[in-house]
């Protein structure tokens, strides 16, 4: 029989494999480093721009965007990877429950049904099911093996399903019928999530399109409207026309301020739109960090070209 201390050590080892804390610590350190470089550029202590010939405020904004990217990028893409793995695991969970229910209808106990069903193929879920079957073979009770399975897989749907099965087994009811109902309910929930995801994907596409339209609008203004303002100001100055407006006297600085305002607006736009896309995707802000990263990279590259 497997010692409880050994199983607890295995669970702790699995939990330690979750690298979110280490990623957050690394991302935070990079954010502080790049922000410090940005501040030094703003103060004029160093001249370290991503491209040459930039003013301090431009260098500051570039490095600050790099700092934001370093902070949200690793964590955002790691969460996206984890979400994909969770979906792949949960996708095959109803199949496993159905097979266990069918085995139970032939008179097998819950433990025997799990061991027999572990010979099937369930994608990403297969290694965990085989581990659970091995624990049962070593003498671990079926309900305890299910709890350890839920702790290892650690997805909301798996934990909910295991809790229902354990309660039903402890109550002494017909576990096969419960497994069938849980399998059907889980499949229906996944279909509902798929329908919602398909519907929300249209809105996410609209968010990306609106962001790119915003950048194109800024580019058009920068190559048409703002240069014409500078040409008109130069023509008036060459003609010797007396202009009392402070705006006309300092028009190049005004144009530069407008360009900086556009840059800041694009940064805010990228962060906000990315977070909104994540909320629309699965209701979590952290999911949108990946979208914000992509939009910020496009904004950073785009403004270097503009």
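Every number here is computed from the coordinates shown, using simple stated rules; none is lab data. Remember, it's a predicted structure, so these values are computed and weren't measured experimentally. Heads up, the Cβs are rebuilt from the backbone with ideal geometry, glycines too, and the neighbour counts pull from every protein chain shown.
Some observations on this one:
- Principal-axis tilt of helix 175-220 within the chain, Cα atoms, nearest 10 degrees: 10
- The distance between label points at residue 82 and residue 189 comes to 1.9 nm (points 7 Å beyond Cα on the Cα→Cβ vector).
- Value at 222 nm in deg cm²/dmol, rounded to 500, when DSSP H runs of n ≥ 4 in the chain each add -39,500 (n - 2.57): -28000 deg cm²/dmol
- With Cα atoms, 0 to 90° folded angle of helix 156-171 axis to the chain main axis: 20
- Share of pairwise Cα separations in region 4-184, more than 26 Å, in percent: 48
- Fewest-first ranking of 63, 138, using other Cβ atoms within 10 Å as the exposure measure: 138, 63
- Those residues of region 249-283 whose amide nitrogen sits under 11 Å from the label point placed on residue 221, 7 Å along Cα→Cβ: 258-266
- Computed over the alpha-carbon pairs of the chain, the distance histogram in 20 Å steps reads 25, 38, 24, 11, 3, 0 percent, short to long.
- Cα long-axis angle, helix 226-239 against the chain (0 to 90 degrees, to the nearest 10): 10
- The slack between residue 109 and residue 306, meaning 0.36 nm per residue of separation minus the straight C-alpha distance, is 64.0 nm.
- Put a dot 7 Å past the Cα of residue 163, heading toward its Cβ, do the same for residue 52, and the two dots end up 6.3 nm apart.
- Rounded FRET efficiency, nearest 0.05, which uses the C-beta distance separating residue 36 from residue 268 and R0 of 25 Å: 0.70
- If the chain linking residue 121 and residue 29 were pulled fully straight, counting 0.36 nm for each residue of separation and taking away their Cα-Cα distance, it would gain 28.9 nm.
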